[in-house]
Amino acid sequence: QVQLVESGGGLVQPGGSLRLSCAASGSIVNFSAMGWYRQAPGKEREWVAIITSIGSTNYADSVKGRFTISRDNAKKTIYLQMTSLKPEDTAVYYCKAEQLGPAYWGQGTQVTVSS
């Protein structure tokens, strides 16, 4: 059983930046992919970004060019660098680890973009 713990959320003004981290309790090298999702109030959870075990990345159109996902296998951590933040980026951000079998989810970290 691997635990995922997100951190780095907070309140930021429009146009600002934040870096989210997702630390795993165990090795992440065997996960086929890890990703970030978000859920805004009253909305369904949506996919934001993904990074595979070989480092390939992909992004939702809404964040492409503004967000960057990365991973550090030695630190057992993935990151989401968010820039040019908009009020519509406000949500709880979740980390997900995928493998053959059930996926693992973190507990989420709140990101609020407001002036």
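The values are calculated or read from the model by the stated rules, or taken from the named source; none is laboratory data. Keep in mind the model is a prediction, meaning the values are calculated, not measured. Every residue, glycine among them, receives a Cβ derived from its backbone with ideal geometry; neighbour counts consider all protein chains shown. For accessibility, only protein heavy atoms count, side chains too; no ligands or nucleic acids. Shrake-Rupley method; radii C 1.70, N 1.55, O 1.52, S 1.80 Å.
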Seminar exercise, completed: Taking Lys and Arg as +1 and Asp and Glu as -1, residues besides ILE78 with C-beta under 15 Å from its C-beta add up to +3
Seminar exercise, completed: To the nearest 20 debye, the chain has a Cα-centred charge dipole, built from +1 on Lys and Arg Cβ and -1 on Asp and Glu Cβ, of 160
Seminar exercise, completed: Taking R0 as 25 Å and r as the Cβ-Cβ distance between THR52 and GLN107, the FRET efficiency 1/(1 + (r/R0)^6), rounded to the nearest 0.05, comes to 0.60
Problem set entry | Projected area averaged over orientations for the chain, convex hull of C-alpha atoms, nm² | 6.7
Exercise. What does the accessible area per residue of the chain come to in Å², with a 1.4 Å probe and no ligands, DNA or RNA counted?
Worked result: 52
For this session: Only loop residues by DSSP count here, and only those with at most 11 other Cβ atoms within 10 Å; note down the GluC sites (Glu not before Pro) in segment 38-95 that meet that.
Result: GLU44
Problem set entry | Of all accessible heavy-atom area on the chain, the percent that carbon and sulfur account for (1.4 Å) | 49
For this session: Net charge near PRO14: determine it from the other residues with C-beta under 15 Å of the C-beta of PRO14, scoring Lys and Arg +1 and Asp and Glu -1.
Result: 0
Exercise. Pairs of lysine in the chain with Cα under 27 Å and at least 8 positions apart or on different chains: total?
Worked result: 10
Exercise. From the square roots a ≥ b ≥ c of the eigenvalues of the alpha-carbon gyration tensor of segment 40-104, which class results: rounded (a/c under 1.5), prolate (a/b over b/c), or oblate?
Worked result: oblate
Exercise. Which listed residue (ALA103, SER53, THR90) has the Cα farthest towards the positive end of the charge dipole for the chain, taking +1 on Lys and Arg C-beta and -1 on Asp and Glu C-beta about the Cα centre?
Worked result: SER53
Exercise. What net charge is computed for the residues neighbouring LYS43, neighbours being all others with C-beta under 13 Å from the C-beta of LYS43, Lys and Arg scored +1, Asp and Glu -1?
Worked result: -2
